[in-house]
1. Using only atoms on other chains, find how many Cβ atoms lie within 10 Å of each Cβ of peptide A:85-95 and report the average.
2. For the stretch A:105-240, what percent of Cα pairs sit more than 26 Å apart?
3. If contacts are Cα pairs under 8 angstrom and at least 6 residues apart, what is the relative contact order of chain A in percent?
4. Using 1/(1 + (r/R0)^6) with R0 = 56 angstrom and r between the beta carbons of B:LEU209 and A:PHE11, what's the FRET efficiency to the nearest 0.05?
5. Starting from the coordinates of the alpha-carbon atoms of the stretch B:1-133, obtain the Kirkwood hydrodynamic radius over all distinct pairs and give the value in Å to one decimal.
6. Grab the Cα-Cα distance for A:ASP177 and A:LYS74, subtract it from 0.36 nm times how many residues apart they are, and report the gain in nm with one decimal.
7. Kirkwood hydrodynamic radius for the stretch B:173-221: how many Å is it when counted over pairs of different Cα atoms?
8. How many partner chain Cβ atoms sit within 10 Å of a residue's Cβ in peptide A:151-161, on average, as a whole number?
Amino acid sequence: MIKIENVRKSFGQLEVLKGIDLTVEKGEVLTIIGGSGSGKSTLLTCINGLEPIDAGRITVDGTVVHDKSTDLNKLRRKLGIVFQQFNAFPHLTVLENVMLAPRKVLKQSRAEAEAMAIKQLGHVGLGDKVDVYPSRLSGGQQQRMAIARALAMSPGYMLFDEVTSALDPQLVGEVLDTLRLLASEGMTMICVTHEMKFAREVSDRVAFFHKGVMAEIAPPEKLFGAPEDPELQKFLAATH
Amino acid sequence: MFNYTFQWNQALARLPQMLDGALVTMQIAILSMAIGVLLAILLTGCRLSGIRVLQGFAVTWVEIARNTPALFQIYMAHFGVASFGIHFSPFTSLLIGITFNNAGYLAENFRGALKAISDTQSRAGRSLGMTPVQAFRYIVLPQMLRIAYLPMTNQMVWAILMTSLGVTVGMNSDLYGVTQDLNALTFRTFELFAIAAVIFYVITKVIGLGARLLATRLFRY
Ligand SMILES: Nc1ncnc2c1ncn2[C@@H]1O[C@H](COP(=O)(O)OP(=O)(O)O)[C@@H](O)[C@H]1O
Ligand SMILES: [Mg+2]
């Protein structure tokens with residue numbers, strides 16, 4: 001369970017998160033929608049401790065993320081995160097990209113890491129690309145590789161930050177299909193996305209962020225069908 | 001006026017000695033590069049560490065290496081430290097001086113190379129649970145070395161040429177030192193130094209070619 005309690009975060013004068021309260025249960029798929037600059041990415045990077053917070057508390061399976069005694073490197077093994085930029089490691093083949101962290105962080109044997117990498121690459125539909133360098137992959141393939149790379153760490157949670165936003169429109173579908181697959185397998189996921197149709201389909205709950213505040217959270221039928229927050233109504237009207 | 005008679009045979013008879021010297025020159029250059037690259041990586045680590053003392057140390061090193069004559073650096077490694085009772089052989093002093101210079105220049109090249117690598121690369125590594133050092137070692141460093149590969153090759157050529165400064169600290173077993181001693185012995189000045197120049201030229205060309213061949217093996221992406 002990821003528990004976010006009254007989290008505040010500023011960059012200099014700018015308060016980006018203004019007291020966020022949110023709990024994500026095991027097995028849940030939560031999507032976060034909202035305008036650009038509303039603090040969605042910041043929240044994800046706070047959850048895995050890449051960013052410090054100013055107030056409040058985030059716990060992952062009971063571990064307080066921003067506690068001094070928390071081993072963040074260890075915590076991050078539980079939290080797979082995939083960003084908008086693909087972040088393929090260009091000097092490594094697809095297989096090596098996926099094997100790197102299991103080898104160096106989890107200290108797996110080569111055989112063990114390779115078996116896991118091949119399994120996860122098959123999972124995201126890249127079984128035939130293992131020996132290729134990322135520069136040979138399309139954006140959609142690179143993004144699926146990044147997903148496989150995160151999955152190879154056997155994380156308990158997956159965080160996706162607008163993973164289709166940097167893709168050509170015709171490549172969005174294959175990545176969303178991968179996310180749908182993970183959701184159907186019961187992976188606990190937080191997806192920041194602009195794909196409303198996707199959000200409606202896969203989410204257990206959808207949260208709407210506006211200017212650092214979680215303005216509304218509800219199951220998709222409710223949030224898209226009968227939005228209450230005026231800003232959400234405006235946002236939905238603009239995106240349709 | 002122009003009454004110098006060339007006597008190439010006399011000079012060429014000394015070629016074996018000069019080639020022995022060339023081996024010493026290459027030995028110094030290779031050692032000074034190997035150690036220089038490692039030190040430059042450490043200096044780069046110091047700069048990235050965010051720790052003031054380490055950053056200051058690295059910056060000072062780089063500034064001195066790049067903004068003072070290499071001759072001065074080699075001199076200091078010999079006569080400079082001798083003032084404090086530390087006595088190195090000419091070989092060691094020359095090696096230290098060139099290594100110091102290499103490390104400084106390479107560290108600066110590395111800094112430039114790092115600018116071409118997005119922060120999101122090491123962030124991706126950190127997100128996978130790597131420590132900052134692991135992310136640097138396995139993700140940033142290999143990319144950095146590739147970007148800095150050509151400047152590294154140039155520095156290797158410089159290292160070869162810098163060995164000629166060894167004579168100022170009494171070095172006489174390298175190519176330049178051997179040539180100078182032979183000159184004092186035979187006075188075939190032009191011939192000897194012309195041959196030495198050709199050997200220097202061939203060595204640096206071979207290094208350039210070898211580096212390019214190695215690159216095709218090292219960098220497949
Ligand atoms: N590292 C940073 N330094 C300063 N400001 C930042 C930084 N990261 C994000 N911001 C600012 O915080 C606000 C929220 O950013 P972000 O969380 O990326 O929004 P979203 O993902 O919802 O578009 C934006 O105004 C952005 O400019
Ligand atoms: Mg964002």
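What follows draws every value from the coordinates through simple rules; no lab data is involved. Quantities reported herein were computed from a predicted structural model and do not represent experimental measurements. For neighbour counting, all protein chains shown are included, and Cβ atoms are generated from backbone atoms with ideal geometry for every residue, glycine included.
1. Numbers: counts 5, 2, 9, 2, 9, 7, 13, 5, 2, 0, 0.
Averaged over the peptide's residues, the number is 5.
2. 33 percent
3. On the way: 432 pairs, mean separation 63.1, N = 240.
26 percent.
4. On the way: r = 51 Å, r/R0 = 0.91.
Given R0 = 56 Å and the Cβ-Cβ separation, E is 0.65.
5. Working: mean 1/r = 0.0558 Å⁻¹.
Result for the stretch B:1-133 stands at 17.9 Å.
6. Numbers: separation 103, 0.36 × 103 = 37.08 nm, distance 2.95 nm.
Computed gain between A:ASP177 and A:LYS74 is 34.1 nm.
7. Values: mean 1/r = 0.0793 Å⁻¹.
Over the stretch B:173-221, the inverse of the mean reciprocal pair distance is 12.6 Å.
8. On the way: counts 0, 1, 3, 0, 2, 0, 0, 0, 1, 0, 0.
Average neighbour count from other chains, rounded to a whole number: 1.
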